[in-house]
Amino acid sequence: MKASNRFPMALASAALIALAPVCVLGLHLPRLQAQAPQQYDVVLRNGRVLDPESGLDAVRNVGITGRQITAVSTGLLSGAVVIDASGLVVAPGFIDLHSHGQTPENYRYKAMDGVTTALELEVGVSPIPGWYAAREGKALINFGASSGDIPARMAVMHDTGGLLPRDAAVTKIATEDEQKAIEASVEQGLKDGGLGIGMGIAYTPTASPEEILDLFYIAARYKRPIFVHMRGGNVIASLQEVIADAAASGAPLHIVHINSMATTKTPQALRMIDGARARGLDVTTEAYPYTASMTDISSAVYDGWERQGPEYFARLLWPATGERLTRESFQRYREQGGFVIQFGNTEDMVRAAIAHPVVMIASDGIIEDGKGHPRGAGTFARVLGQYVREEKALTLMDAVRKSSLMPAQRLESMSPQMRRKGRVQVGADADLTVFDPARVVDRATFQNAAQYSDGFRFVLVGGAFVVRDGRLQDGVAPGRAIRAQ
Ligand SMILES: [Zn+2]
């Protein structure tokens, strides 16, 4: 499909710029308008524009009017604000499908990592309306969430956990009435615009295969994807379960963080996802570029810890203090609750996931009061610096595609807003990230996660600067809600 079909409004303004014939798509435009000299609100001059949909990779001038891109041109453009983007890449703003951090603190790390849209799709939220209302008009970047099975289950079963369940929703089997209440709550979240259904089977191990399949049927009815953290244990069996549920129900399926689920079996897992897609199933996946994962130490993924030896605890790092854990400290922190980092993957497997054509980039990040996993601040810069520039594991265009266009395409059948994102084209939203490909680098580490990435010179959300000359902008809130329709 040509850009002109996707953006009929924009085509009209493109025609004005070019002084083209005044009848466009049956719209008779007044000749007066066509004669006015074009002045853009913002012009990004002489940047290397990367548009992963059209394949454009060339020096262009980008004109922005209001919240939209209104010109991508070799001709000189004049604007109220003109930025010299020589030597810099102008790419679509990055879209993070897996961003647990949904606070002003987290949005700042995201913006400095090139992200213009951060979505909480794995755990999701419940109920939906209040969560959106709390961010409307106040957010630095665009935001959105799925309808979450985990929070719905926690509310119905009176679990005392935080982001993730820790007692009733983990240990008890839901009664028939509770199951109905959970499903009703998840479905209400879809009616309220939730971006699919978020699920974490590993965190709710007492949920039966039937309960899980029921949620796939609901997702299929609304034509919204399931975003799932699969069951723990053997990843082949975990994949078989969700792929079978997707096939039986017809629900689109997005498998989160394939890197940390598959570890040494990453090639086999990716082969299964490729195979499901080749057989016509709508299955996608994502990865983050680190060898360690992070989750709540009180959650079900550490059930059975009592039977483990010292090496089980030694691979765990407590980010609040930076210490490696022992049996004693593990027990203490498990009672207290909080995020723990777990080393468990190899660089080879991470690289295989990041470079694989179907794998999108998503952070799974959250920073709380400056503590967390470095993925919350450094994911997108790390892909560009480490895997593109240093290791040449994938091309710059592929990295940009995996970070912008592919996530937009994952969502656009349910959210028409996403058809205008992930592109540098006339008519697309002016969500843009402008970075220095020779310098872009992650600074966040396991010892100090709260460090902004470097090399993102300008980041715009809806035409407004959120990062300018490498600095966060104060007092701006151009972020908008992303919803399903
Ligand atoms: Zn997860």
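The values are calculated or read from the model by the stated rules, or taken from the named source; none is laboratory data. The shown structure was predicted, so the numbers you read here are calculated from the model rather than taken from an experiment. Every residue, glycine as well, gets a Cβ built from its backbone with ideal geometry; the counts of neighbours run over all protein chains shown. The protein model used for the area step is the full one, side chains on, heavy atoms only, and it has no ligands, DNA or RNA in it. Shrake-Rupley method; radii C 1.70, N 1.55, O 1.52, S 1.80 Å.
What residue, of 320, 276, is assigned to a helix (DSSP H, G or I), open to solvent by less than 70 Å² (accessible area, probe 1.4 Å) and not polar (S, T, N, Q)?
It is 276.
Show me the strands (runs of 3 or more DSSP E) entirely contained within the range 28-145 in which 2 or more residues are over 15 Å from the mean Cα position of the chain (by Cα).
Counting at least 2 such residues, we get 40-51, 56-65, 68-73, 79-84, 89-92.
Please find, within the range 357-371, the residue that is nearest to the chain's Cα centre (by Cα) out of those that are more than 17 Å from residue 96 (Cα to Cα) and assigned to a strand (DSSP E or B).
So the residue we want is 368.
Pull up the range 216-231, narrow it to residues that are within 16 Å of the ligand (Cβ to nearest atom) and either more than 22 Å from the chain's Cα centre (by Cα) or of a type in the set (Val, Ile, Thr) (or both), then point me to the one that is nearest to residue 189 (Cα to Cα).
Ranking the candidates gives 226 first.
For the range 204-221, what are the residues that are in a helix (DSSP H, G or I) and hydroxyl-bearing (Ser, Thr, Tyr)?
217
Suppose we filter 114, 137, 162 for residues that are over 20 Å from residue 253 (Cβ atoms) and at pLDDT below 95; which single one remains?
It is 162.
Is it the case that the range 344-356 has a residue that's part of a loop (DSSP other than H, G, I, E, B) and closer than 19 Å to residue 114 by Cα?
no
Just the residues that are of a type in the set (Ser, Thr, Tyr) and in contact with a helix residue (DSSP H, G or I) (Cβ under 6 Å, 6 or more places away or on another chain), please, taken from the range 440-485.
453
How many residues are open to solvent by less than 10 Å² (accessible area, probe 1.4 Å) and of a type in the set (Phe, Trp, Tyr) when one looks only at the range 447-457?
1
Could you please give the count of residues in the range 108-135 that are open to solvent by 10 Å² or more (accessible area, probe 1.4 Å) and either more than 16 Å from the ligand (Cβ to nearest atom) or more than 15 Å from residue 196 (Cβ to Cβ) (or both)?
The number of residues fulfilling the criteria is 11.
Scan the range 180-203 residue by residue and report those that are aliphatic (A, V, I, L, M), assigned to a helix (DSSP H, G or I) and more than 16 Å from the ligand (Cβ to nearest atom).
181, 182, 184, 186, 190
For the range 226-239, does any single residue satisfy the condition of being touching a residue at least 24 places away in the same chain (Cβ under 8 Å), assigned to a helix (DSSP H, G or I) and under 23 Å from residue 179 (Cβ atoms)?
Yes, because at least one residue in the range 226-239 is touching a residue at least 24 places away in the same chain (Cβ under 8 Å), assigned to a helix (DSSP H, G or I) and under 23 Å from residue 179 (Cβ atoms).
Could you figure out which of (1) part of a helix (DSSP H, G or I); (2) among the aliphatic types (A, V, I, L, M); (3) crowded, with 24+ Cβ neighbours inside 10 Å isn't true of residue 388?
(3)
List the number of the failed condition for residue 208; all other conditions in (1) surrounded by fewer than 20 Cβ atoms within 10 Å (Cβ to Cβ); (2) farther than 20 Å from residue 302 by Cα hold.
(2)
Which one of these does residue 294 not meet: (1) within 15 Å of the ligand (Cβ to nearest atom); (2) surrounded by 21 or more Cβ atoms within 10 Å (Cβ to Cβ); (3) in a helix (DSSP H, G or I)?
Going through (1) within 15 Å of the ligand (Cβ to nearest atom); (2) surrounded by 21 or more Cβ atoms within 10 Å (Cβ to Cβ); (3) in a helix (DSSP H, G or I) one by one, residue 294 breaks only (3).
Here are 365, 378, 344: which of them is open to solvent by less than 10 Å² (accessible area, probe 1.4 Å), more than 12 Å from residue 287 (Cβ to Cβ) and within 16 Å of the ligand (Cβ to nearest atom)?
Just a single option satisfies the conditions, and that option is 365.
If I go through the range 246-276 residue by residue, how many of them are more than 13 Å from residue 228 (Cα to Cα) and either more than 20 Å from the chain's Cα centre (by Cα) or away from the ligand (no atom under 16 Å from the Cβ) (or both)?
18
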